[in-house]
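Readers should treat all values here as calculations from the given coordinates under stated rules, not as data from a laboratory. In this text, all values refer to a predicted model and were calculated from it rather than measured experimentally. Here Cβ is always computed from backbone atoms with ideal geometry, including for glycine, and neighbour counts include all displayed protein chains.
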Ligand SMILES: NC(=O)C[C@H](N)C(=O)O
């Protein structure tokens, strides 16, 4: 019989640590109130598949994640991954920004051991709560050698997603996490089934190392819509942003009144990254705008919030727009 894997479950809060006033509160509840040890203890089946211990690092709704917390979490995960008595890590996390944390870890951790980020859409007190099974599945994945070397994973709703690709697509439904090219696999009845592999470099294959990063440059996102004004861009420049993600309509298009604003932003030394608010697709360089002429860059298929993470990491390495473009296309 196989020796059970040692898995550390790091608690950060979210709905998986939430509690509602009654069992019919599936969407109205307080998040980030149940300690991680209690969340683990509520799923006794877990002790049959792994030796698990909990560690509480934060107790917050994931909408309150910031760069400081992201770095603190990443550094702690990195420290644990270096221990020979740790085989895998599970991070319980709110679902609102799980995609950003998972992408950040996917790009910066230097280990092949499985790291799984998990959350829930309903608090543990609700009818049809999803957290217990999600946590069980996450521990299963974190204990499995099959999950090693695949980057940071997000396990939710029977699916295993790449931290690079996954995004939250619905505000309240249990079936909310989607990857544009589908999940990597499923977890069903205690079994992992993988069907595809991440194509883009991750963890040990990237130039970003969490142990070497002590702060992230400020990168902001400016949402676009009909009648958009320059106010947000000006505020971000004043606040000291090093890059602005232009969360553009369609193919990262830029309204006529915003074209000179973005030129001004770039002339002040900030990088301008064109992204799309549509929720899917690739922004084509020199498509809607002449990026070569203006010295702007474009996202690949990353949504604006993931583009923020990658741009901030890229700016820890270079402030050259050509290099930045290469990085945005690489990861
Ligand atoms: N389902 C959730 O976890 C939502 C919560 N607001 C969070 O992200 O922490």
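The table for this structure:
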| quantity | calculated |
| --- | --- |
| Relative contact order (percent, whole number), the chain, Cα cutoff 8 Å, 6+ residue spacing | 14 |
| Protection proxy ranking of 204-215, 113-124 - average other beta-carbon atoms within 10 Å, highest first | 113-124, 204-215 |
| Gained length - residue 259 relative to residue 110, 0.36 nm times residue gap less alpha-carbon distance | 49.7 nm |
| Computed label-point distance, nm, for sites residue 205 and residue 323 using a 7 Å Cα→Cβ extension | 2.2 |
| Prolate/oblate/rounded label for the range 92-229 (Cα gyration tensor, a/c 1.5) | oblate |
| Spin-label pair residue 79/residue 280, simplified geometry with 7 Å Cα→Cβ offset, distance in nm | 4.2 |
| Among beta bridges that DSSP assigns inside the range 1-100, antiparallel share in %, nearest 5 | 5 |
| Nearest-ten-degree value, helix 304-315 long axis tilted from longest Cα axis of the chain | 80 |
| Cα-based shape type of the chain, given that a ≥ b ≥ c are square roots of the gyration tensor eigenvalues and the cut on a/c is 1.5 | prolate |
| Among beta bridges that DSSP assigns inside the range 172-331, antiparallel share in %, nearest 5 | 30 |
| Nearest-ten-degree value, helix 131-142 long axis tilted from longest Cα axis of the chain | 90 |
| Whole-Å distance, taken between Cα centres, linking the range 201-237 and the range 42-112 | 22 |
| Sites residue 225 and residue 22 - FRET efficiency at Förster radius 35 Å, r taken between beta-carbons, to 0.05 | 0.40 |
| Label-point separation, residue 212 to residue 175 (7 Å along Cα→Cβ), nm | 4.4 |
| Relative contact order [Cα under 8 Å, 6+ residues apart], the range 161-215, whole percent | 24 |
| Antiparallel DSSP beta bridges within the chain, as percent of all bridges there, nearest 5 | 30 |
